[in-house]
Structures are given as C-alpha cells and as structure tokens.
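All remarks here apply to the structure that follows.
None of the figures in this text is laboratory data; all of them are computed from the coordinates on show. Because the structure is predicted, anything quoted here is derived from the model rather than measured. Quick reminder, even Gly has a Cβ in these numbers, built from the backbone with ideal geometry, and neighbours come from all protein chains shown.
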Amino acid sequence: MRFHGVIAVAAAAVLAVGPMQAAPMHHHAAPPRAKTAAAAQTSGLGEIMSLQQMRHSKLWFAGSAGNWPLADYELDELKEGFDDVHRQFPVHDGIRLAPLLEVIEKAAMPDLAKTIATRDAAKFAQGFDALTAACNGCHQSTKHGFIVIQRPTSLPYTNQSFAPGPR
Ligand code: HEC
C-alpha cells in the first residue's frame with residue numbers, strides 16, 4: 001500500500017514537472033529584461049527588511065532582558081543592514097532612500113546606542129520606540145505606510161536564550 005502511494009506521488013511529480021520545464025525555454029525567446037531586473041531589486045529590499053525586522057525584535061528582547069552586549073550586537077547588525085540598503089538601493093521606486101536612511105542612521109541609532117551604554121531599561125525603551133518611529137517614518141515616506149512596526153509582544157525565537165550570559 002505504502003509503496004504504491006510512493007509511486008503515485010512520484011508519477012504525479014513527473015507529470016507536474018514536465019510542463020514547467022518547458023516554460024523557461026519559451027521565455028528565452030524574448031526575455032523581459034527590464035522587468036526582471038526591477039522585480040529582483042524590489043524583492044531584494046524586502047528581504048533585507050525582513051532581516052531588519054528580526055533584528056529589531058531581537059534587539060527589544062535583548063534590552064528587555066538586560067542583555068546589553070546582545071542589544072549592542074543586534075543594533076550593530078541593524079546598522080549593517082541599513083548599510084546594505086544604502087549601497088544596493090540608493091533609489092527605490094523612484095524615491096531616494098539615502099536622505100531617509102540618514103534620519104535613522106545619524107539620529108535614532110546613535111541615540112539608542114547611547115541608551116544601551118547607560119544600561120537603563122527605561123531609557124532603552126524610549127530609544128527603542130524612537131527607532132521604531134524612524135522605521136515607520138521611512139515606510140510612510142516611501143508609500144509603504146501600511147507596513148507598521150511596533151514593539152514586539154512575544155519572542156518568536158525559542159531556540160536562543162536572551163538572558164545575560166557569558167560574553
Ligand atoms: C530608508 C527607508 C526605510 C527604513 C529606514 C526602514 N524601512 Fe522597512 N521598508 C522600506 C521599504 C521601501 C519597504 C518595501 C520594500 C519592498 O518594496 O519590497 C520596506 C519594507 C519593510 C518590511 C516588509 C518586508 C516584507 O517583505 O514583509 C518590514 C518588516 C520592514 N520594512 C521593517 C523595517 C524595520 C523593522 C525598520 C527599522 C528598524 C525599517 N523597516 C526601516 C523602507 C525602509
């Protein structure tokens with residue numbers, strides 16, 4: 001019974017793959033170059049942003065747990081992510097991102113770094129909210145105001161301890 005099932009699945013897979021393999025050959029005749037490049041760039045920024053979202057979340061839980069070296073680390077990762085945006089997407093959908101990035105890179109992030117250095121939970125929370133406001137400010141300026149970032153409410157990463165530990 002099981003064996004038959006496997007054969008049936010394999011046969012279905014072959015049938016499914018057959019027509020799809022023919023499709024790319026068709027595309028090669030007239031490659032929609034400009035469109036493909038634009039689509040790749042758009043998804044690239046979305047991917048960097050998804051990483052930023054993870055770092056933003058981890059940063060909150062690191063600071064909330066008083067794990068300041070981890071908070072520092074995540075803030076640094078965020079900086080690197082925005083450096084990538086700077087390099088790869090100086091302009092996105094006709095909007096210059098560079099001046100918008102400066103708001104977050106030259107104000108919100110250095111201010112938050114200072115609050116992390118004070119190891120003061122209340123100050124950290126304030127700095128974190130200012131960072132989040134800067135995320136949303138850029139989303140609004142880039143016609144993505146429907147992407148609203150907020151303080152995370154629960155930790156999605158159960159395989160990492162956020163408690164202060166050995167450095
Ligand atoms: C310089 C402008 C800018 C800043 C600053 C910015 N974003 Fe974005 N973000 C964008 C743009 C533009 C998009 C839409 C990207 C696209 O079209 O794929 C986006 C998309 C997103 C998405 C949606 C990704 C997806 O595919 O679901 C998330 C999540 C996100 N940003 C999180 C953040 C967080 C968190 C911060 C702050 C730490 C931040 N962003 C700061 C411009 C910015």
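By count of other Cβ within 10 Å, fewest leading, how are W68, W60 ordered? Before the final figure, lay out the partial values.
Numbers: W68 16, W60 23.
Listing W68, W60 from fewest to most nearby Cβ atoms yields W68, W60.
With a Förster radius of 25 Å applied to the beta-carbon distance between S161 and A117, the computed FRET efficiency rounds to 0.65.
Return, ordered by residue number, the residues of the stretch 136-163 whose backbone nitrogen is under 18 Å from a label point located 7 Å along Cα→Cβ of Q53. It comes to 136-158, nothing else. With both labels modelled 7 Å from their Cα along Cα-to-Cβ, the R87 to K143 distance reads 2.8 nm.
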